[in-house]
Each structure stands twice: as C-alpha cells, then as structure tokens.
Amino acid sequence: MANNHKLDNLLSNAGFTEKEAAVYLSALELGRASILDIARHSNVKRSTVYEIIDILEDKGYIKKTKQGKKHYFVAESPKTVLGMIKEKEARFQEALPQLMSLFNAQEKRPKVYFFQGESEIRQMYEETVREGKPILNYTSVIELYQYLDKDWVDDYIKRRVAAKIPSRIIVLESPESIDWAESAASELREVRLIPKKDYNFSADVHIFGNKVIVATYRSGLFGILIEDENIAQMQRVAFELMWLGAEKYKNS
C-alpha cells in the first residue's frame, strides 16, 4: 500500500478507523480486488479485512461484485463517500434540536451515585473536602466510629480544618458526640445534641454545595451521593429547622 499517512489522517478525521482507512485506500488503489489482495496491500490481517469489509459495505463505501464463483470488492468514488458523509451530517443537523433537548434535560436531572463498602464510603466523604463548601451534618456518630477506621476519621477532620471548611452538626448525644462538642472550637465545628432515647437513628447525612450524601451503617456500609440544587436546598431548610430545635452544647 502506498505510504500516505496524510490520507490516512484525513480519513480518520472523516470518521474512519485506522484499519477502515487502510482497507478503503487499498480497495481504491487496487480497483477490483479480492479479500486476499486487500489484506496484502493494506497490511491488515485477512480475518480483520473480512470484518472491515462488512462494515464498509454497510456504510456504502465499498461494494461487492462477483465473477464466476469468486467475490471481488470495489471502493466507491471518494465523491460518493463525501456525499454520504454530508448526508449523515445533514440528518444529524436535522435531529440536533431534539438531541439538544434530551441533553439539556439530562443536565437538569439530579445525578445519583452509589457507594458500598468502607473504601467507597471513604471516597464519598472525600467529596465534602473536594467541594470546599460549608457542611451541614446530622449523624449518629456512634456507628461512624464502629464501621470506619478512627484514624481515618480523625485525619479527615484535620484535612477539613486545614481546608478551612466549617461544619455544623446535629448529633445524637453520646460520649463520642460530647468529645466532638468539646473540641468544636479547634475543629471549625458547631455542635447541637439531641437525646438518643427520643431520636434514635443510625445514618449520617452531609449537605454541602449542591450535594447531599447519605450513609447507612447497620444494614452494611452503603452510601448515596445526590447532586441537585433543589434537593440540597430542601435538605438545607430541613437541617435549619432541626438546628433551631436542637440543644446547644454547654460545657460544664
């Protein structure tokens, strides 16, 4: 096959794969050719040429002829191929308004991501640091230390503080939550406690930016991240109402 990388590149830009370009150019140079002729000329394996010929036939770029019992293949004129490409572009252009409507709808749709197991749950929490926005959090905290490594939790808190990300937390009253309350000033944290006997739960919710994450522990480590401004705002309002009703921790 003629060593013409420029033509290969031009065909690649027009939507041909590298091997499709090699097979089409070989058929174009050879005129009428067998599969074996095209394979030798293009330096593409014969078995691969069979597959590519089928693709190019479906696209209309190569046509099959028969002489006796033998099949030969002929490349369509480049002008014909160009016309086909332009026709496809015109059809795509015609469908563009509807396609953009679908795209825009997808952009506005809430994005939901699922996480399972300790490693993935850690990745989910890391999103709160990457986002860099103030965090609203209501949590049981007890299960947090039961199911996640304490050293990692402590390191996460240090990195949040280093990034100057403040946090407000509504938490079930427990020795762990009291520790959080007593270290609140040094860890950019405000804490309000709620009695476990009245409001027992085993989940953890973070609201930050336009995102909400929810983690559950007792049924196995499982988390959901929702990215949607409306949902985040609704959760933010719910948090503020709970904040008003929760007890401010007083260090005695």
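Can you give the net charge of the other residues whose Cβ lies under 12 Å from the Cβ of residue 119, counting K and R as +1 and D and E as -1? Let's see the in-between values first.
Details: positive: 122; negative: 118, 120, 126, 149.
Local net charge: -3.
Projecting each Cα onto the charge dipole of the chain (Lys/Arg +1, Asp/Glu -1 at the beta carbon, about the Cα centre), which of 7, 205, 167 comes out farthest on the positive side?
My answer, from the dipole projection, is 7.
Please give the charge dipole size of the chain, origin at the Cα centre, charges +1 on K and R Cβ atoms and -1 on D and E Cβ atoms. Round to the nearest 20 debye. Display every interim value, and only then the final one.
Numbers: 37 positive and 37 negative charges, 252 e Å.
It comes to approximately 1200 debye.
Between residue 32 and residue 133, what is the label-to-label distance in nm when each label sits 7 Å out along the Cα-to-Cβ direction?
For residue 32 paired with residue 133, the spin-label model returns 6.9 nm.
Ordered by packing density, taken as the mean number of other Cβ atoms within 10 Å over each peptide's residues, highest first, how do 80-91, 220-231, 20-31 rank?
Values: 80-91: 12.6, 220-231: 16.1, 20-31: 21.1.
Per-residue Cβ counts within 10 Å, averaged per peptide and sorted highest first, yield 20-31, 220-231, 80-91.
What's the angle, to the nearest 10 degrees (0 to 90), between helix 18-30's Cα axis and the longest principal axis of the chain?
Result, in degrees: 10.
Distance in nm between label sites at residue 69 and residue 91, each 7 Å beyond Cα in the beta-carbon direction?
A separation of 3.8 nm, rounded to one decimal place.
Under 1.5 on a/c is rounded, so check that first for region 111-248, then, if it is not, pick prolate when a/b is larger than b/c and oblate when it is not; a ≥ b ≥ c are the square roots of the alpha carbon gyration tensor eigenvalues.
rounded
Students often get this wrong: which residues of region 108-151 have the backbone nitrogen under 19 Å from the point 7 angstrom along Cα-to-C-beta of residue 224?
In region 108-151, the label zone of residue 224 (backbone N under 19 Å from the point 7 Å along Cα→Cβ) covers 108-118, 120-128, 136-140.
Evaluate the charge dipole of region 46-173 about its Cα centre and quote only its size in Debye, nearest 20, assuming +1 on the Cβ of each Lys and Arg and -1 on the Cβ of each Asp and Glu. Please list the in-between numbers first.
Working: 23 positive and 20 negative charges, 194 e Å.
Its charge dipole is roughly 940 debye.
How big is the chain by Rg and Dmax over its Cα atoms, in Å?
Rg and Dmax of the chain, Cα atoms, are 31.4, 102 Å.
Report, to two decimal places, the Cα Rg of region 5-76 normalised by 2.2 N^0.38 Å (N = number of residues).
Normalised Cα radius of gyration, region 5-76: 1.01.
Fully extended, how many nm does the chain gain between residue 18 and residue 186 (0.36 nm per residue separation, minus their Cα-Cα distance)?
Additional length available on full extension: 54.5 nm.
Which is farthest toward the positive dipole end of the chain among 42, 226, 125, measuring Cα position about the Cα centre, with Cβ charges +1 (Lys, Arg) and -1 (Asp, Glu)?
Positive-end residue among those listed: 42.
What's the percent breakdown of Cα-Cα distances in region 87-174 across 10 Å bins, shortest bin first?
Over region 87-174, the share of Cα pairs per 10 Å bin runs 13, 32, 22, 12, 12, 8, 1 percent.
Under a point spin-label approximation (7 Å from Cα along Cα-to-Cβ), what is the residue 241-residue 50 distance to one decimal in nm?
Simple spin-label model gives 6.8 nm for this pair.
Taken together, the values in this text are just the output of simple stated rules run on the coordinates, not laboratory data. Please read these numbers as outputs of a predicted model, since none were measured by experiment. With ideal geometry, Cβ positions are generated from the backbone for all residues, glycine too; neighbour counts draw on all protein chains shown.
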